[in-house]
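The values are calculated or read from the model by the stated rules, or taken from the named source; none is laboratory data. Note that the structure is predicted; figures quoted are calculated from it, not measured. Neighbour counts are summed over all protein chains in view; Cβ atoms, including those assigned to glycine, are modelled from backbone coordinates with ideal geometry.
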Amino acid sequence: MILISPDQRLFHLLGKTFSYVLYIDDEGRLLDLYWKDPLGETTDLAYLCSQYTCSSSFDQPATRLPLEAPSVGGGYYGTPLVQAIGPDGTDMTQLTYDSYQVVEGKPALEGLPSLHESDRFGQRFKDDAPLQTLKITLSDKTTGLKALLSYTIVEAGGRDGLAKSMVLTNQGPAPLLLTHMDSACAYIPDAASSGESLEVVHLKGAWARERNIVRTPLGQGTYRIDSKRGASSHEENPFLALCRPSATEVYGSVWSAGLIYSGSFEAACYVPDAVTAQLSIGLNSDTTRWLLEPGQSFTTPEALLVYSGRGFGQMSHTFHDLFRHCLGHSRWQHKERPILINSWEAAYFTINEEKCVQMAKTAASMGIELFVLDDGWFGARNDDTSSLGDWYPNLQKFPHGIKGLAERVNKAGTLFGLWVEPEMISPNSDLCRAHPDWCLHAGDRKRTLGRNQLILDLSRTEVQDYIIGFMTDLLSSASISYIKWDMNRNMTEPFSGTQVPQHQMETQHRYMLGLYRVLDTITSAFPDVLFESCSGGGGRFDAGLLAYMPQAWASDDTDARERLKIQYGTSLVYPCYSMGSHISSVPNHQVNRVTPLKTRAAVAMSGSFGLELNLLTMTEEERKEMAAWIGKAKEYRRLIMEGDFDRLASPFDDKTYTASTNLCAWQFSNDSELLLMAFRPQAEPSNAMPYRVYPRGLEDDAYYSDGTHTYLGRALAGAGLVLTFDPTDTACVIVYLKKINKD
Ligand code: GLA
C-alpha cells in the first residue's frame, strides 16, 4: 500500500512485513526516514525526521542526513547513488524533488530483467495486494539531469520486499558522464547507540567454493564488496545484509539488498559516525561509465530490498518466494524438473554417440528422465583448446548428428539435453578465423586467454544476432528438451572493437544488455525447453539469470560435504530448487573424498536433482541402490520445489552464526509434510553427546508420523529430534514426517 501525505511531504510504503518512509525536507532533498517493522496505515510520521539533526559544529548537515538519492557535493562524503561529470568538469550533482506519481502495476525495466506480479501456476496469489508503483522525480537544476526513482512493493503469498530502480535522463544541453549510478540506497538508523553495533553478512567464495557465508562486525568506515569480472562471480554475490549481533535464523532485525543483475556490481555499507549505516547496491562504478547525451536515458538494474523482523529465516523465505513467483516467465518455474544424468564427470571429452545411447538406456531403466550431453560434441572439440563458436556436431563422434542422437536417446527412454557455451570463442575455431574482431578486446593490447578462450563481444548487435541464429537453428533441428548454458571465464579486456573511445567504459553493461536480449529472445521462442545456467560451476548464480533460466549449476565441486556449505550459503538468497545439484561418483573427482551414497543423495535431492557419473561402470547392485534414491528424489521433489526451506544448523565455523561446527541441518516443509536432513561431517565416538535439531513450522496441536513414531507438533518443536548418525564420516539422517489424523 502506498500512503501519501502531500502536506507533510511524506510517502509511506506499507508492506505486510515492513514500512519504508520517505520525506522531502525543506531544501527539497529526499530522505529515507524509516525501514523496519510495519507502522500501520498512517502518514502521521513527520516526527521521524526530527531524529536527523546534525549536532556537530564541524560537519555539514548532509553528512548525517539519510539521503535517499545521495550525490556529490554539499558535504556528503558517502557512496553516491548518482555521480555525473557535467560540462563544467565538476561532478557536483544535487538532486532535489520535482514531483511524484503513482501508477498501477509495475512497468518492466527496459532491456533488463525485473520482478513482476506474483504468479503461482499462472495464477496470482489471491490475497496479494495488486502492484502499485510510486515514481518520484528529482533533478539537478544546474546540469538538467533528471532521476526518476521507482518503488514497488512486490508480494508473493504475504511475503514482500521493495523493488527499486532508477532512470536517469539528460534534460540538459550538454553531455553528462555518469560515473556512479547505483540502484538503491537505504538507511539503517541507530547503527550503535542501542549498544548493539551492526554486523554485515555476504556470500564470498571462489571456484568450487562458492557462496560461503561471511558474517563480520561493521565498524566506522566503508565496507564494500564487488565484482569487476563482467559476471556476478564466484568471489562475491550481488547481495548484502546487515543485522544485529543477536540476530539468528529466527530472531532479530535483518536489512538486506539483492541485485537483479549478472554483471559487475558493487554493494557497500557506509557508516560515517556509528549513528547511521547506509546500505547501497548497484552497478560497479569502477568498471562502468556512461556518456549520456542530451535527451538520452539510462536505466539501472533493479534492486530488491528485504527487511525481516524475524531473523535470516524470514529473509530467505521472502527472497525465495519472490524469486520463485515474481521473477521470470519460464514454463518450468512451477514444474517438477526432470531428473537428469549429465555426461561430464562420466566421460569428460571422451564422449561419443554410442556411450550416450548406452547411458540413456541404463538411465531410463533406473528412472532417470533426461540425458544431458555436456562438452565435447561439436567442431573439433577433444579438449578445451578449440572449437567454441563452431556449433555443429562432430560427425566422427556423433555420426547421426544431434538430430539422430536425440532420436536415439528419446528411443532409449529419456529426454535429451545439450551443453553449449554461446558467449565464448576459441582462437582455434572457424568462427574466430572468420571474425577475429568479434571478441572483447582493447585495441592492440594482448587478448588474455582464460581456459584457452576469448569472450564474444555481446555489446555488438551482429554478435547477439549470430548467437540467436545458431541457437534457434540448433533448438529447431532436433528434439532438445534442456540446455545447459555455460560461460567459463571472466572478462579481462572488457572493451569493444567497434566502440568510440568516449563509450568504451560502457562495454561491460552493454554486454549484459546484449546477453539479456539474447536470452529473452531464445527462451521466449522455446518456452518448453528447460534452461540451466552455469559459469565454471556457480560463477553467475544471480537473480538476473534466474529470470530467464530457472536453475543454475551451483558448483563444479560435486563433493557432498563441500556442497553442504555451498548450498547452505546459496540458500540465504536463492531457492533450493534453483540449484543444480548432482550425485557424483566416489572417490569424488574434485577432493578425492569417499562419501556414503545416502549423504550424496540427500545433498543432491536438496536442489534440482541429477546424477553426474558413469552408470555403465556401476554394478547391478549399485544401480539398484541408486535407483531407490532416484525414486525418493521423485517422491520429495514437489515438496523441495514448493515448500518452505529452513536452515536448522550451520556448517560454517562462525560462532556468532552457528550452534555447532560438526552439524549441518535443514528442512523443507509445507502444511502437511516435513523433510528434515541432518549431516555430521566428521565421525565421533559413540559416547559423544548426541545432536538435537528443532524442526520448525509444525502445527502445535497436529500430529505427525514418520511411519514408526507419532509426534505432537508442539512436543517435537519443543524437545527437538535426537539424531542418531551412522558411525562414519559425512553421515546423514533423513526424517520425513507427514501430518496425520490421530482419531
Ligand atoms: C564448466 C562446467 C562443467 C562442465 C564443463 C565443460 O566447467 O561448470 O559442469 O560443463 O564446463 O567444459
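Out of Ser429, Ser476, one residue alone is at pLDDT 95 or above, within 16 Å of the ligand (Cβ to nearest atom) and more than 25 Å from Gly538 (Cβ to Cβ). It is Ser429. Within the span defined as the range 360-370, one or more residues are within 16 Å of the ligand (Cβ to nearest atom) and either at pLDDT below 95 or touching a strand residue (DSSP E or B) at 6+ places or on another chain (Cβ under 6 Å) (or both).
Would a scan of the range 374-382 turn up a residue that is crowded, with 18+ Cβ neighbours inside 10 Å, free of Cβ contacts under 8 Å to residues at least 24 places away in the same chain, within 16 Å of the ligand (Cβ to nearest atom) and in a loop (DSSP other than H, G, I, E, B)? No. What are the pairs with Cβ atoms under 6 angstrom where one residue, in the range 501-524, is within 17 Å of Arg540 (Cβ to Cβ) and of a type in the set (A, V, I, L, M) and the other, located anywhere, is assigned to a helix (DSSP H, G or I) and modelled with pLDDT of 95 or more? Sequence gap at least six, or different chains. Going by the 6 Å Cβ cut-off, the qualifying pairs are Val518/Gln464; Val518/Ile467; Val518/Ile468; Ile522/Met471. For the range 686-737, taking the residues that are in contact (Cβ under 8 Å) with a residue 40 or more places away in the chain and exposed (fewer than 13 other Cβ atoms within 10 Å of the Cβ), the one that is farthest from Ile640 (Cα to Cα) is identified as Ser686. Quick one: count up the residues across the range 513-555 that are among the hydrophobic types (A, V, I, L, M, F, W, C), away from the ligand (no atom under 16 Å from the Cβ) and assigned to a helix (DSSP H, G or I). Residues meeting the conditions: 8. As for the range 399-407, it holds at least one residue that is more than 26 Å from Met512 (Cβ to Cβ), in contact with an Asp or Glu (Cβ under 8 Å, 6 or more places away or on another chain), buried (at least 20 other Cβ atoms within 10 Å of the Cβ) and at pLDDT 95 or above.
Mind listing whichever residues of the range 157-178 are outside any strand (DSSP E or B) and either in contact with a strand residue (DSSP E or B) (Cβ under 9 Å, 6 or more places away or on another chain) or closer than 20 Å to Pro113 by Cα (or both)? Answer for the range 157-178, where residues must be outside any strand (DSSP E or B) and either in contact with a strand residue (DSSP E or B) (Cβ under 9 Å, 6 or more places away or on another chain) or closer than 20 Å to Pro113 by Cα (or both): Gly157, Gln171, Gly172, Pro175.
Scanning the range 480-500 for residues that are of a type in the set (A, V, I, L, M, F, W, C) and within 13 Å of the ligand (Cβ to nearest atom) returns Ile483, Trp485, Met487. Within the range 76-88, identify whether any single residue is without any contact (Cβ under 8 Å) to a residue 40 or more places away in the chain and either among the small types (Gly, Ala, Ser) or over 28 Å from Pro175 (Cα atoms) (or both), and answer yes or no. No - not one qualifying residue is present in the range 76-88.
Residues in the range 383-422 that are away from the ligand (no atom under 16 Å from the Cβ) and hydroxyl-bearing (Ser, Thr, Tyr): Tyr392, Thr414.
Each row is one residue, and each column tells you yes or no for (1) touching a Phe, Trp or Tyr at 6+ places or on another chain (Cβ under 7 Å); (2) hydroxyl-bearing (Ser, Thr, Tyr); (3) closer than 30 Å to Ser256 by Cβ.
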site	(1), (2), (3)
Leu327	no, no, yes
Lys335	no, no, yes
Glu353	yes, no, no
Gly367	no, no, no
Phe371	yes, no, no
Thr385	no, yes, no
Trp391	yes, no, no
Ile402	no, no, no
Asn410	yes, no, no
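Among the residues of the range 600-635, those that are closer than 22 Å to Pro575 by Cβ and of a type outside the set (A, V, I, L, M, F, W, C) comprise Arg600, Ser606, Gly607, Ser608, Gly610, Glu612, Lys632, Lys634, Glu635.
Once the range 614-662 is narrowed to residues that are at pLDDT 95 or above and assigned to a loop (DSSP other than H, G, I, E, B), the residue that is farthest from the chain's Cα centre (by Cα) is Thr619.
Report whether or not Tyr466 is within 16 Å of the ligand (Cβ to nearest atom) and hydroxyl-bearing (Ser, Thr, Tyr).
Judged against the criteria, Tyr466 is not a match.
Of the residues Ala186, Ala241, Ala247, Ala174, the single one that is more than 30 Å from Thr558 (Cα to Cα) and surrounded by 24 or more Cβ atoms within 10 Å (Cβ to Cβ) is Ala247.
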